[in-house]
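Report on the following structure.
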Amino acid sequence: MKDAMGPRPGVNPRLDIDLYARRVADVHSRPATLAKLFLLGASVAAGDAASALEPVETDALVQMGLAALDQNVVRPLARVSPYEGVLVASDVVTPLDPPDFVTGPSPSAQRVERLTIRKPVHTALDLGTGSGIQALLTARHSEQVVAVDVNERGLAFARFNAALNGLSNVDFREGSWFEPLGDERFDLVVANPPYVVSPDSAFLYRDGDLPADAVTQQLLRDVPAHLEESGFAHVMGNWAHGRDEDWRAPVEAWLVGSGCDALLLKYATVDPVVYAAQWNRLLLAEGREPFLSAVDRWLDYYRREAIGAITEGMVVLRRRSGGSTWVRAIEVPGEPAGPAGDHVLRLFEARDRRDELADDDALLAAQLDLSPGLQASWRAEGPRLGQKHARIQLENGVGFAAPVSADLAERVASLDGSRRLGELVGEDHESVAALRRLFALGLVSAGKAP
């Protein structure tokens with residue numbers, strides 16, 4: 001178990017685009033020119049562009065719709081972003097984005113990418129592919145991927161991105177949700193749909209064609225019919241509920257009779273005022289009044305629909321025939337760190353084995369081991385800093401940490417899967433209960449009793 005070290009104080013790990021633009025403003029090297037064109041979305045002199053693009057002709061980019069040539073200036077019409085080993089072309093952000101605007105890497109796309117289970121599969125489906133980010137990443141561990149979107153411009157970008165990354169195992173189809181699929185089934189489904197609970201229909205990537213949270217509801221009800229047995233679906237979504245209503249209730253109701261086990265990962269529950277302000281904040285560039293007018297319009301809509309809160313989360317489904325299916329809900333305070341698909345699998349395994357390891361004797365007979373990438377951070381407090389506490393979390397995890405005592409942290413560090421738990425903790429029932437919780441959270445794994 002490694003000691004965790006966070007970023008240095010004052011260091012922002014994210015690339016600050018505005019500062020980078022200023023850094024390269026007066027630099028005319030080939031990398032700087034390409035960055036200005038395709039990362040920053042800035043126009044450059046035609047001569048600089050020709051030198052940087054060589055041997056590609058500027059006219060070729062113009063013909064493909066990736067750039068425009070205005071007199072002696074090349075203006076980019078697409079942004080190309082490196083993301084997790086692939087290149088993703090998307091629209092350049094403008095003051096007046098069109099309704100069919102195509103986004104590139106985004107926080108929601110990253111959440112889906114990090115939480116997706118990355119085991120090899122035969123068939124996979126990317127619903128609402130947009131610029132194709134999820135399809136490109138899924139194609140690396142799938143024999144065949146189908147990617148669906150209603151946005152023709154999005155599909156054009158997605159096809160270009162597949163070619164740009166040398167991928168030939170993605171089948172792009174135009175249509176609404178499951179319409180182009182017939183009765184096809186898949187081993188893996190990923191979906192980052194237009195899930196925003198909104199009265200608007202301004203953007204295809206944001207606003208669904210159904211009221212309130214009906215896009216999330218429809219996907220969760222329809223996707224099980226397109227899953228192979230033991231297949232997984234990852235649906236990013238927002239759903240509305242009453243201010244004092246359990247955030248899990250709407251999703252649990254939608255999943256009744258689905259034939260799927262479900263893991264609900266809640267990342268936030270947001271007040272309608274905050275939610276409306278968050279999704280309309282770009283209007284602040286036009287002034288205070290347009291922003292407040294939009295927020296008021298959204299709030300009027302929420303009142304009419306009796307929406308008191310909106311939850312943001314990921315729902316992971318697993319098709320399982322026979323027996324009773326289960327729903328497990330976890331409130332996650334942070335964002336996924338790195339590729340967390342293996343952690344998601346361990347959360348499913350822990351729920352599957354809950355009854356098997358329900359009593360202390362069964363857990364004491366199990367051989368516990370550390371989950372890969374487990375880290376510990378330490379804190380001292382009290383007189384002379386004599387009280388030590390620890391938090392353990394995964395380097396690549398869904399986004400939570402578990403506080404433990406210093407003594408328990410030392411016991412956890414000794415787990416290696418070679419001995420029964422009873423040999424390590426004896427009859428210490430407090431430690432057994434704590435380790436059961438760590439197993440339920442996927443932070444330690446349990447082998448079968450010999």
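The values are calculated or read from the model by the stated rules, or taken from the named source; none is laboratory data. Model, not experiment: these values are computed from the prediction. Cβ placement follows ideal geometry from the backbone for every residue including glycine, while neighbour counts extend to all protein chains displayed. Accessible surface is based on the protein model in full, side chains and every heavy atom, while ligands, DNA and RNA are left aside. Shrake-Rupley method; radii C 1.70, N 1.55, O 1.52, S 1.80 Å.
From the list ARG140, ARG221, ARG153, the one residue that fits, being of a type in the set (Lys, Arg), modelled with pLDDT of 95 or more and out of contact with any Phe, Trp or Tyr (no Cβ under 7 Å at 6 or more places or on another chain), is ARG140.
Only residues that are open to solvent by 40 Å² or more (accessible area, probe 1.4 Å) and under 23 Å from SER106 (Cα atoms) were counted across region 329-353, and they come to 5. Among the candidates THR129, THR103, THR123, the residue that is within 24 Å of LYS36 (Cβ to Cβ), in contact (Cβ under 8 Å) with a residue 40 or more places away in the chain and buried (at least 16 other Cβ atoms within 10 Å of the Cβ) is uniquely THR103.
In region 386-395, of all residues being free of Cβ contacts under 8 Å to residues at least 60 places away in the same chain and open to solvent by less than 70 Å² (accessible area, probe 1.4 Å), the one that is nearest to VAL332 (Cα to Cα) corresponds to LEU394.
A count restricted to region 164-182 and to residues that are of a type outside the set (S, T, N, Q), in a loop (DSSP other than H, G, I, E, B) and open to solvent by less than 50 Å² (accessible area, probe 1.4 Å) stands at 4. Taking the listed residues GLU335, GLU331, GLU312, the one that is of a type in the set (Asp, Glu) and more than 18 Å from HIS241 (Cα to Cα) is GLU335, with no other qualifying.
Determine whether region 165-185 contains at least one residue that is in contact (Cβ under 8 Å) with a residue 40 or more places away in the chain, under 20 Å from ILE117 (Cβ atoms) and touching a His at 6+ places or on another chain (Cβ under 8 Å). For region 165-185, residues in contact (Cβ under 8 Å) with a residue 40 or more places away in the chain, under 20 Å from ILE117 (Cβ atoms) and touching a His at 6+ places or on another chain (Cβ under 8 Å): present. Note on region 65-95: residues that are open to solvent by less than 30 Å² (accessible area, probe 1.4 Å), part of a strand (DSSP E or B) and either of a type in the set (D, E, K, R) or touching a strand residue (DSSP E or B) at 6+ places or on another chain (Cβ under 9 Å) (or both) amount to 10. Just one residue in the set LEU227, LEU263 is under 19 Å from the mean Cα position of the chain (by Cα) and either at pLDDT 95 or above or buried (at least 23 other Cβ atoms within 10 Å of the Cβ) (or both); that residue is LEU263. In the condition set (1) surrounded by fewer than 19 Cβ atoms within 10 Å (Cβ to Cβ); (2) touching a residue at least 24 places away in the same chain (Cβ under 8 Å); (3) hydrophobic (A, V, I, L, M, F, W, C); (4) over 22 Å from PRO336 (Cβ atoms), LEU210 is compliant with all but (2). The set of residues in region 34-58 being in a helix (DSSP H, G or I), aliphatic (A, V, I, L, M), out of contact with any Leu (no Cβ under 8 Å at 6 or more places or on another chain) and surrounded by 18 or more Cβ atoms within 10 Å (Cβ to Cβ) consists of ALA35, LEU37.
For region 184-198, the set of residues classified as more than 21 Å from THR103 (Cα to Cα) and open to solvent by 10 Å² or more (accessible area, probe 1.4 Å) consists of GLU184, ARG185, ASP187, listed by residue number. Take ARG221 and decide whether it is open to solvent by 20 Å² or more (accessible area, probe 1.4 Å), under 17 Å from TYR302 (Cα atoms) and touching a residue at least 24 places away in the same chain (Cβ under 8 Å). It is false that ARG221 is open to solvent by 20 Å² or more (accessible area, probe 1.4 Å), under 17 Å from TYR302 (Cα atoms) and touching a residue at least 24 places away in the same chain (Cβ under 8 Å). Considered as a group, the residues in region 270-298 that are touching a residue at least 40 places away in the same chain (Cβ under 8 Å) and closer than 18 Å to SER201 by Cβ include one that is most open to solvent (accessible area, probe 1.4 Å), and that residue is ARG297.
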